[in-house]
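Undergrad: Structure below; questions to follow.
Each reported figure results from applying straightforward, stated rules to the coordinates on display, with no laboratory input. This structure is a prediction, so every number in the text was calculated from the model and none was measured. Cβ atoms come from the backbone with ideal geometry, glycine included; neighbour counts cover every protein chain shown.
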Amino acid sequence: MEVSFEEAVRIVASSLLFDEAWYRKTYRVDAEENAAAHYLTEGYAKGWNPSQYFSTEMYLLENPNIRWGGTNPLLHYEIVGHRVGLYRGHIPEGILQRYRQCACCGNYVSAYLPLPSFYLEEISKYGGKPGHPEMVNMTDYLCPWCYSADRDRAYAVWMKRELTEDFSGTILDIAPAPSLSFFIRKNLPKADYKTADLYMEQVDYHLDIMDMNCLADESIDFFICSHVLEHVRDDRKAMRELHRILKKTGCGILVVPIDLSQTEIDEDPDCTDIGERWRRFGQDDHIRMYSRAGYLARLAEAGFHVLQFQKKYFGTQAMYENALTETATVYIVVK
Ligand SMILES: [Zn+2]
């Protein structure tokens, strides 16, 4: 498997067998250096260990072909070694049992990466509070392989269960996430998959979701529109447009950031103050924060029926594998 250096750094950094604090202290790696990158380049060549639980040298002794191949031992273990029991060493049973499979890319992780601290720092810098997000796993957020967020993994689980491999309808993916594009192309090969965005370069349609005149009425079988409406000036208009282009038999994933501690939608499309946007809407390019009830009311107003897929639907296994939170909800809209 080809892994870029950037990916390798993420995979090592997220591994439960990489103990950054221990590594820095033991080998005196200073704070300016990226510790995972250091282990991948200099550290392992010197026979240094990523943590007390993993011996670089022992792994190479047990698996000489890896030494000749030049792959970093921990990276190799994360990619394939743990699955085939290449190394027992001193790895605690508790860690061995933690390997989970990301629904988006199919790779295994011992831990997902946390939400980048930047977001919470910005919110707090401007006097805001993170509230109670419906579907953000702060600690197990990103897949180190495909960069899927927990919500993307939830959609992948849903699509795997509800859309068969033979699905040959038209899919419109608005503001496509690379991890999900990859998932769709791999798992739904017969679908007529189209991407759309207002700003992105490499998409099939450059469009404004409030006015999708390039798409005919009832022409789409399935759409994905995730975390888009909170950026859009008139979200009611955008919802009406999504309703218009959807076939009578079609459906769509339509998800927005929801703060469960809010009772009403807080919005101001004219607000241009960056600090206020961070404080009230959680990001500098958002113009609203949804309440759950407010969101459902707007969807109904646009003519949608809404199906909600939650914990009970996902089941303990998929919840765990994909690090979904207790309140994770996939909203599927139908006509
Ligand atoms: Zn993944």
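Undergrad: Determine Rg/Rh for the stretch 81-219; Rg is computed over alpha-carbon atoms and Rh is the Kirkwood hydrodynamic estimate from the same atoms.
TA: 1.06
Undergrad: While we're on this one: By the scheme Lys and Arg +1, Asp and Glu -1, what is the net charge of all other residues having a beta-carbon under 15 Å from that of G250?
TA: Here the count lands on -2.
Undergrad: Output the 0 to 90 degree angle, nearest 10, between the alpha-carbon long axis of helix 5-14 and the longest principal axis computed from the alpha carbons of the chain.
TA: 80 degrees
Undergrad: Another question, then. What are the aspartates and glutamates whose alpha-carbon lies under 15 Å from the alpha-carbon of K46, with same-chain residues fewer than 8 places away excluded?
TA: Candidates past the 8-residue exclusion: E57.
Undergrad: Which shape class applies to the chain: rounded if a/c is under 1.5, otherwise prolate when a/b exceeds b/c and oblate if not, where a ≥ b ≥ c are the square roots of the Cα gyration tensor eigenvalues?
TA: Cα axes put the chain in the prolate bin.
Undergrad: Please work out whether the stretch 271-333 counts as rounded, prolate or oblate from its C-alpha gyration tensor, where a ≥ b ≥ c are the square roots of the eigenvalues and a/c under 1.5 means rounded, while otherwise a/b larger than b/c means prolate and anything else oblate?
TA: oblate
Undergrad: What is the extension gain from K247 to A21, computed as 0.36 nm multiplied by their sequence separation minus the C-alpha to C-alpha distance, in nm to one decimal?
TA: Length gained between K247 and A21: 76.0 nm.
Undergrad: Turning to a different aspect of this structure: Pull up the cross-link candidates among the lysines for K194, meaning alpha carbon to alpha carbon under 26 Å and not fewer than 8 places away within one chain.
TA: Correct list for K194: K160, K186, K237, K247, K248, K335.
Undergrad: Sticking with this structure for a sec: Sort 177-184, 312-319 by the packing proxy (mean of other Cβ within 10 Å over each peptide's residues), most packed first.
TA: Put in order of decreasing packing, that is 177-184, 312-319.
Undergrad: If you take the square roots of the eigenvalues of the alpha-carbon gyration tensor of the stretch 16-70 and sort them as a ≥ b ≥ c, do you get rounded (a/c under 1.5), prolate (a/b over b/c) or oblate?
TA: Since a/c reaches 1.5 and a/b is larger than b/c, the shape of the stretch 16-70 is classed as prolate.
Undergrad: Let me check I have the definition right: for the stretch 5-98, take the eigenvalues of the Cα gyration tensor, multiply each by 5, take square roots. What are those semi-axes in whole Å, largest first?
TA: Over the Cα atoms of the stretch 5-98, the ellipsoid semi-axes are 19, 15, 12 Å.
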